[in-house]
């Protein structure tokens, strides 16, 4: 049995002065070392859930446990040690005047000794491939580089879990790729548990498991392959589908034979060829 | 109203040790009523070009013709207000610019700033909110109580309420979910076709450039690298990869299919719908 690092049971949440619940009876677990993507349209409850996992909101009903601690006010600082967050806007999360000062900020707050701090700052920047920028000013970096520094700042605190809240949505395609690759390496080499909240399907398709939220409820969960088989259902939920899935559907609609709906473009093109053109 | 750039050059912090040349020798035309996409890698000069389109930046060399106005290097531009009204820019993450107490006041701000009466501004606000697909109920709400996607639409409505002839869009769908993205892109396409608006789209999405644009301008290292119709631009994958750009997913898939087929299809397909129809037609011919 895989070890649970987060357990969410029957959680509902209502913002003050709002009638509708932002989250309704949501239950799921997160396992150690996995990469879990949480997808949903704007307003599906994704961000509310992210804020809850970092102790910015508490459930109106149900329970949340993170790293063995129940999510209650007394535990919030312990929980924040276990789970680090990377936010959407790269320009909103810098406090230091240089890259290394910025990464050191969290360590200073936690009273880490100077010599240990230097080591950890360097090691963290090494893990995200940013050691060449130690004394650069953060505003001279590209969006992707800024997010990598933000990730270094989080992992310097050695959390068990990193939560990315739409951390790639403001980046250009290259920056997005940089950040996703960095996260993938940390996940594989360091065993870091990753939760990425996203509506970028490319990003979600790299995850081990995907959870779909819709109108505050858990709609479905499974491997990316299984989730993307839902195709039109996903479109109805305001989400897109990967290109191969969309293309499979359009080809079938145009009267071409396919053995199944494809997730992978190479398999699709082979199938299309074999069933329709090969003599 | 055409916009013409002739040998435009611009440097940031000109005359200081920090001077950095952003664009040089940029010449192109944005023909009236067309949908033009400007694509290029981050740092290619797209945003600098964009700010010249309504004279927020003035060229250090060369000149820009915006309708009947000419903005030339070395000459002082006066009365640029009319240019700024006629060329509306939707900047990246425009919802960051929302500021007023209610959606209605926020949208009215632009037109009233250009001398439109309050009554007329309110009328335009109701039209604009409909164009961006929001219900009139939001007019009385604070823009900050809306969702991210709704805030984006309000910000766009604020530009539309100025009744520009040219709409310049800088990555207008960044950060939106797929449905929101599609809705907003379709809205711009409709405005361009039905209301005769000229659209200039600055984007990283080759798919959007392929689907919507009549003309594509590729920027690279501050210069115009290529201009042309989408079918011409995307039929040459190498020239795109040379400047760090990609072909659209559809074209990539078409090439994979052609390698099985042994010869190219009659045309480069710009959307998945078009490719599916083309493949289906081909099978009809072969059987």
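Computed from the coordinates by the stated procedures, all read-outs in this text should not be read as laboratory data. Only a predicted model underlies this, so the values are computations on that prediction, with no experimental measurement involved. Every residue, glycine among them, receives a Cβ derived from its backbone with ideal geometry; neighbour counts consider all protein chains shown.
Between residue A:81 and residue A:140, what is the spin-label point distance in nm, taking each point 7 Å from the Cα along the Cα→C-beta axis?
3.7
Once you have the alpha carbon radius of gyration of chain B, what is it after dividing by 2.2 N^0.38 Å, with N set to its residue count?
1.09
Quick one: work out Rg over Rh on the C-alpha atoms of chain A, Rh as Kirkwood radius.
Ratio of gyration radius to Kirkwood radius: 1.02.
Given the C-alpha centroids of the stretch B:226-260 and the stretch B:73-133, what is the distance between them in whole angstrom?
With the stretch B:226-260 and the stretch B:73-133 each reduced to a Cα centre, they are spaced 38 Å.
Extension gain residue A:236-residue A:27, at 0.36 nm per residue separation less the Cα-Cα distance, in nm?
Roughly 73.0 nm would be gained on extension.
Would you mind ranking B:163, B:141, B:267 by Cβ crowding within 10 Å, fewest neighbours first?
Lowest to highest Cβ neighbour count: B:267, B:141, B:163.
Would you please classify the overall shape of the stretch B:248-287 from the alpha carbon gyration tensor, given that a ≥ b ≥ c denote the square roots of the eigenvalues, rounded means a/c under 1.5, and beyond that prolate means a/b larger than b/c while oblate covers the rest?
oblate
Averaged across the residues of B:169-180, what count of C-beta atoms belonging to other chains lies within 10 Å of each residue's C-beta?
For this peptide, the per-residue mean of nearby foreign Cβ atoms is 5.
Helix B:272-286 against the longest principal axis of chain B: what's the angle in degrees, Cα atoms only, rounded to the nearest 10?
The two axes meet at around 20 degrees.
Quote the FRET efficiency, to the nearest 0.05, computed for residue A:223 versus residue A:270 with a Förster distance R0 of 25 Å and r equal to the Cβ-Cβ distance.
According to the calculation, E is roughly 0.70.
How many percent of all Cα-Cα pairs in the stretch A:181-272 sit more than 19 Å apart?
Tail of the P(r) past 19 Å holds 46 percent of the pairs.
Taking other Cβ within 10 Å of each residue's Cβ, how do A:35, A:77, A:273 sort, fewest first?
Final ranking by Cβ density, sparse to dense: A:77, A:273, A:35.
Under 17 Å from a point 7 Å along the Cα-to-Cβ line of residue B:145: which residues of the stretch A:3-22 have their amide N that close?
The answer is A:15-22.
Working from Cα positions, state the angle (0 to 90°, nearest 10) between the long axis of helix A:114-127 and the longest principal axis of chain A.
20
Which value at 222 nm does chain A reach when only helices count, each DSSP H run of 4 or more adding -39,500 (n - 2.57), with the total divided by all residues and rounded to the nearest 500 deg cm²/dmol?
Values: 11 runs with 108 residues, N = 279.
The per-residue figure over chain A is -11500 deg cm²/dmol.
On C-alpha positions alone, give me the angle between the axis of helix B:103-113 and the longest principal axis of chain B, in degrees, nearest 10.
Result, in degrees: 80.
So, R0 is 45 Å and r is the distance between the beta-carbons of residue A:98 and residue B:96; what FRET efficiency does that work out to, to 0.05? Write down the numbers at each step before the final one.
Working: r = 26 Å, r/R0 = 0.58.
Approximately 0.95, to the nearest 0.05.
If you average the alpha carbon positions of the stretch A:155-205 and of the stretch B:1-34, how far apart do those two centres end up, in angstrom?
Between the Cα centres of the stretch A:155-205 and the stretch B:1-34 lies a distance of 37 Å.
Below 8 Å, C-alpha to C-alpha, sequence gap of six or more: please give me the relative contact order for the stretch A:4-241 in percent.
About 27 percent, as a whole number.
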